[in-house]
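Every number here is computed from the coordinates shown, using simple stated rules; none is lab data. Being a predicted model, the structure only gives us computed values, none of them experimental. FYI the Cβ positions are ideal-geometry reconstructions off the backbone, even for glycines, and counts take in every protein chain you see.
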Amino acid sequence: MWAGNVRGPAIVPGTYQVRLTAGGKSQIQTFAVNKDPRLSTTPQDYERQLEVALQIHNKLNQTNEAVIEIRDIRKQLDAYAERVKDVKVVDAAKALNQKLTAVEEALYQTKNRASEDPLNYPIKLNNKLAALEGTVESSDDPPTAQTTEVYEGLASEVNAQLETLKKLVTTDLTAFNRLVHDQNVPAVILAEPKPREAGAR
């Protein structure tokens, strides 16, 4: 990530409990997270900051999960292209692979290998979201109107790519699986999504 991370938002000031379970026994300890007394930030300001940060973080999760899904499908398509002799199947696999790659490359900079690579290859949507979340959490102030405006623009771009991916999965991938039905090999299977809970760190 360039100027961004995937740690998740910080909790707001308040009273919390932590539970430790070991050997079938649990202990609970209460603790407080206090605000900097020099600041005039209100509880509502902190809540708004957390709300916006979680919104950005959840959209970042959707983006990264889409990249994982694309890579899983592409891996199976590559395997088809290698072992199936039918030219139609091979061509269809390559064509679908290219469409999926276009979505992946809009969401994620696939050329990054080292920390300074973004100097040569521009960051993509997932990195922009991560950087925006860092901006929201860079101070104790509530998010600005500009932050919300930037998020809405990025979210719209991400949603457009996610919609393209959805169409590729429901139409192109379905058509590809029908095509390989007579090849006596397993069709491309979507991995079961892992349950995620939105939360603060």
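Just a few scattered comments:
- Any chance ASP86 is more than 30 Å from the chain's Cα centre (by Cα) and touching a residue at least 60 places away in the same chain (Cβ under 8 Å): yes
- Being assigned to a helix (DSSP H, G or I) and either free of Cβ contacts under 8 Å to residues at least 40 places away in the same chain or closer than 21 Å to VAL169 by Cα (or both) is a description that does not apply to THR110.
- Residues (without any contact (Cβ under 8 Å) to a residue 60 or more places away in the chain and surrounded by fewer than 18 Cβ atoms within 10 Å (Cβ to Cβ)) located in the stretch 45-67: GLU47, GLU51
For (1) closer than 27 Å to GLN55 by Cα; (2) out of contact with any Lys or Arg (no Cβ under 7 Å at 6 or more places or on another chain), each residue gets a yes or a no:
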{"position": "GLN76", "(1), (2)": "no, yes"}
{"position": "ALA79", "(1), (2)": "no, yes"}
{"position": "ARG83", "(1), (2)": "no, yes"}
{"position": "VAL87", "(1), (2)": "no, yes"}
{"position": "ALA93", "(1), (2)": "no, yes"}
{"position": "LEU107", "(1), (2)": "yes, no"}
{"position": "THR110", "(1), (2)": "yes, yes"}
{"position": "ASN126", "(1), (2)": "yes, yes"}
{"position": "ASP141", "(1), (2)": "yes, yes"}
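- Scope the stretch 1-36; condition β-branched (Val, Ile, Thr), part of a strand (DSSP E or B) and closer than 23 Å to GLU51 by Cα; matching residues: THR15, VAL18, VAL33
- Cβ pairs under 6 Å, 6+ apart, first in the stretch 135-152 and closer than 19 Å to VAL12 by Cα, second small (Gly, Ala, Ser) and crowded, with 17+ Cβ neighbours inside 10 Å: VAL136/ALA53; GLU137/ALA53
- Hits in the stretch 126-167 - residues which are among the polar types (S, T, N, Q), within 17 Å of ASN64 (Cβ to Cβ) and in contact with a helix residue (DSSP H, G or I) (Cβ under 8 Å, 6 or more places away or on another chain): ASN126, ASN127, GLN161, THR164
- Any hit, the stretch 1-20, residues being among the hydroxyl-bearing types (Ser, Thr, Tyr) and free of Cβ contacts under 8 Å to residues at least 12 places away in the same chain: no
- Yes/no for ALA130 being under 18 Å from the mean Cα position of the chain (by Cα) and closer than 30 Å to ASP36 by Cβ: yes
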